[in-house]
1. At least 1 residues that are charged (D, E, K, R) and over 35 Å from the mean Cα position of the chain (by Cα) in each: list the strands (runs of 3 or more DSSP E) lying fully within the stretch 736-817 that qualify.
2. I'd like the residue in the stretch 176-195 that is in a helix (DSSP H, G or I) and among the hydroxyl-bearing types (S, T, Y) and, out of all such residues, is farthest from the chain's Cα centre (by Cα).
3. Can you say whether I466 is more than 19 Å from F40 (Cα to Cα), assigned by TED's automatic domain parsing to the domain that holds F591 and either of a type in the set (F, W, Y) or without any contact (Cβ under 8 Å) to a residue 12 or more places away in the chain (or both), as far as the supplied structure shows?
4. Can you tell me which residue in the stretch 239-251 is modelled with the lowest pLDDT, limited to those that are part of a loop (DSSP other than H, G, I, E, B) and under 22 Å from the mean Cα position of the chain (by Cα)?
5. Would you mention how many residues in the stretch 272-314 are among the β-branched types (V, I, T) and either touching a Gly at 6+ places or on another chain (Cβ under 8 Å) or not assigned by TED's automatic domain parsing to the domain that holds S239 (or both)?
6. Under 7 Å between Cβ atoms, at least 6 apart or on separate chains: pull out the pairs that start in the stretch 84-97 with a residue that is under 16 Å from G214 (Cβ atoms) and end on any residue that is modelled with pLDDT of 95 or more and in a helix (DSSP H, G or I).
7. Of the residues M451, M443, M488, which is surrounded by fewer than 23 Cβ atoms within 10 Å (Cβ to Cβ) and either in contact (Cβ under 8 Å) with a residue 24 or more places away in the chain or farther than 16 Å from P580 by Cα (or both)?
8. Can you tell me how many residues within the stretch 686-712 are under 30 Å from the mean Cα position of the chain (by Cα) and acidic (D, E)?
Amino acid sequence: MMSIKNSKKFYQKLTNINKKHQTLSIWWSPCFFLPWIILFVVVFVVYNALPSGLSQQDEQNNPQRFIGERAQVYNRDITNIGPKVVGSRLNEVVAIDVLRNQVLDIINGQSGVHNIEIDVQVASGSFQLFTMITVYQNIQNFIVRLSPANGTAQFSLLLNTHFDSVPVSPGGGDSCTFTAVMMETLRVMSKSPDAFRHNVIFLFNGAEENGLHGSHAFITQHRWSKNVMGFLNMDAAGSGGREILFQSTRRNHWMMNYYNRHAPHPMSTSLGEEIFQSGVIPSDTDFRIFRDFGKIPGMDFAVYRDGYVYHTRNDIAETIPVGTFQNGGDNILALTKAVANSPELAISDTIPGEKIVFYDFVGWFMISYSMTIAIIINVIVALLALTAVLLSLLSFKNNLDLKWCQLAFEFALVFLVQVLSVGLAFGLIFLLATIFDGASRSMSWYSNKWMIFGLFYCPLMFSLGIGPAIFVSFKDKKTISLSCYIQMFLHSQCLLYIVMLLVMTGMGLRSAFIVLFALIFYTFTTFINLFTRLQLRGSVWLLIHFAGQAIPFVFYTYYAFLAFDILIPIQGRSGPTTNPDMLIALIAGFFGTLLTGHLIPTLCILRRPILWMCGFLFVFFVFIILLATPLGFPYKDHMSQQRFWIFHTERQFYNFDGSLGRENSGFFLLPMDRHSNHFVDDIIPEFAAQTSTADECENEMFCGSPLYMSRMIAQSYHSTWIPSNRPVFPMSTNLQLMATEEIDSNQNFRLKFRLNGADRVAMFLTSTNGSEIINWSFTTSLPKIVSQFQNSPLYFVFIGHGKFNLEYDFFIDVKKASRTEAGIALTTVGHYTHHDEYQTAEFQSFLQSFPSWAHVTPWMCSYKSYFF
């Protein structure tokens, strides 16, 4: 330990700084950098840590524990089937058999106080999802109900995940991770010596990737759904790490409290909910269905790490560590047991509620409170922070013998410099994002996340610090000391946080808690320095200030890791229209300011602060050099690959009289990211013949693109087409007009159709000749939010089949305009997503020509455009 004599010398060095320059020696610089570097490393280790997975040998000594290794075995059993595409034999037969056999094994070992029932639901239905009408026929759900053997339970808790996957992907992470977690949770609960108060329904839904069909079929049609009073939804956008609670309904603060108390590895944030619901993330989960159609309270969990493999052939069982299963299983099992025994579940529909603010601290514990409480807390903290700043300035006035006008002028000048510094910081990184994009160097951080530090954080910190550094270097400090000026810069940053907190609170953003953390600890340490008068004693106040910044630094580092882990892989599928560097610059600017806003100005206490700030600029230029090397290339083999969706398509355009007007065949390329086709143009010869579909946007619905989901509409305007020979289809997709009937005295008509062919058909529909579509059989009413084409509503209908691919009959009612013939334009796009054996040699050769850092999702399409 430091002796009393040495500690006095240490204190004197801090308080008796150089009288002329009022600065600390360069030898103090390690104290300004090393603590934060150490904290960064500690947070990195904690953030990436996973619990040790229990092995099956541990089961004997832990009969009521979740066994991670057993869940891993469950996962391999169903993932190794291969891509489980709705309508394919692997999904509709093989996967169901695997799940049934796993449950039968569990039934053989269950406790006598429980009853386990199995049901396979086959259902058909329709609903609107965003701007798309989605229709499903004969999709399957595998459902298990765990109930007390005495039959006394009336209400149920629903656990949901899906086992189907997208084409080419085995779906090890999305979402066989939670298929395995749910299966192991069922096994452990079935061995409990005591029955649970409520039923627990395990819904392994078999049609999520088609447009959330399985969850809709269950919650709207299954007999067990009537008494479901709460739900836990689980999904994945990656294949590793921990799962995060990122969405929550109203009326379930009680469920959140159970998660707080019982989950051993909590990870949650309402910030994720606001980001997800803003549309920045191009995905959706079954949470939406249970919330909107079931009207029941619940939570949404997702695994998100290694999102590069999401919806690719790399999403295999081998990439998922056992710790991921153990982490998710420990949390879901504990929460399920708690809610299954809770008295609140039975009355959940009567519990009032509002939006909830929730977040964890580095996975150690979780905090949650209502939005009303959040408003009160935010306002109180903002007022306390403002009070601390004002009292500190008053202390400067009194002790430095300043006049009010003099103090106000000096502080206003400091505040202006700080505001300009923050504005310069964001302006510079946004400018850099624009330059990188214009030079085709965007996404350089896609595979190497550490590039963000040099390309965005360093110029950010330079900008945040150069203004204060220049100010204190040339400002006369005889009346107001350097130490006081630095504190004024920190107070100015605090005022910016206060404004930000109040604005976010006024906008109803629950993510305001992010800024709240910065204010709480800065206010606390400011009051300590104020009341102990340490702020007037040289630089000793820095010790208190740095101690108070440690927790916010840990908190913001943790959330920066989380934000980048979620959002960086998503940029590989965010489409070509936006600059992804702009989003990364925004995140880096937001968290970088919160991380360093109360630290960078303190560097001005060191000698030659301008040189210290220029050091950040030097690091930036080093990274600019790295940007021009292979390290700046966005993609890597077998993991962070560039995505391509390519449909070998035959297009046929029919005239009003039914004759074929024109036809062509080619490879349709759907752009997935900012660099679609940029890097492969010189590698693959066929790209020399590509043309843009934008030329057809005026005359053809959705530019004549064979779209799959309505989420692809924006991409259709930037897609390309490479001519080829005709594809081969396993069956033909045909639309037949069965009858035309007059439905009223106004000569309005009903057109009756029959559709058969592929088990996935996208249909584009609009009226012609000034007529109007007034009704149809897809849903009970026409959607209000739709696209537009030639001044008429343009409808997108998706029809998907599951176990049986039968003919589909539908009708459309048309209101004719006066003196014109009523008419509609209708396009069908048959998608053959699980018929790789029908790929032509030409198509296979084209696919094989892509480099190893590219991932291609291919299938065949039959595009037919009609007029009726």
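The values are calculated or read from the model by the stated rules, or taken from the named source; none is laboratory data. Computed from a prediction, not measured in an experiment: that's the story for all the values here. Note: ideal-geometry Cβ built from the backbone for every residue, glycine included; neighbour counts use all protein chains shown.
1. 749-756, 772-776, 808-815
2. Going through the stretch 176-195, the residues in a helix (DSSP H, G or I) turn out to be 176-190.
Subsequent filtering for residues that are among the hydroxyl-bearing types (S, T, Y) retains 177, 179, 185, 190.
On the way: T177: 17, T179: 20, T185: 26, S190: 33 Å.
Here the residue is S190.
3. Against the criterion (more than 19 Å from F40 (Cα to Cα), assigned by TED's automatic domain parsing to the domain that holds F591 and either of a type in the set (F, W, Y) or without any contact (Cβ under 8 Å) to a residue 12 or more places away in the chain (or both)), I466 does not qualify.
4. Initial filter on the stretch 239-251 (part of a loop (DSSP other than H, G, I, E, B)): 239, 249-251.
If we keep only those that are under 22 Å from the mean Cα position of the chain (by Cα) too, we end up with 239, 249-250.
On the way: S239: 92, T249: 94, R250: 88.
Within the stretch 239-251, the match that is modelled with the lowest pLDDT is R250.
5. First pass over the stretch 272-314, keeping only residues among the β-branched types (V, I, T): 275, 280-281, 285, 289, 296, 303, 309, 312.
Of the ones still in play, those that are also either touching a Gly at 6+ places or on another chain (Cβ under 8 Å) or not assigned by TED's automatic domain parsing to the domain that holds S239 (or both) are 296, 303, 309.
Here the count works out to 3.
6. K84/L90; K84/N91; K84/A95; V85/N91; A95/I78
7. Testing whether each residue is surrounded by fewer than 23 Cβ atoms within 10 Å (Cβ to Cβ) and either in contact (Cβ under 8 Å) with a residue 24 or more places away in the chain or farther than 16 Å from P580 by Cα (or both) leaves just M451.
8. So the count comes out to 0.
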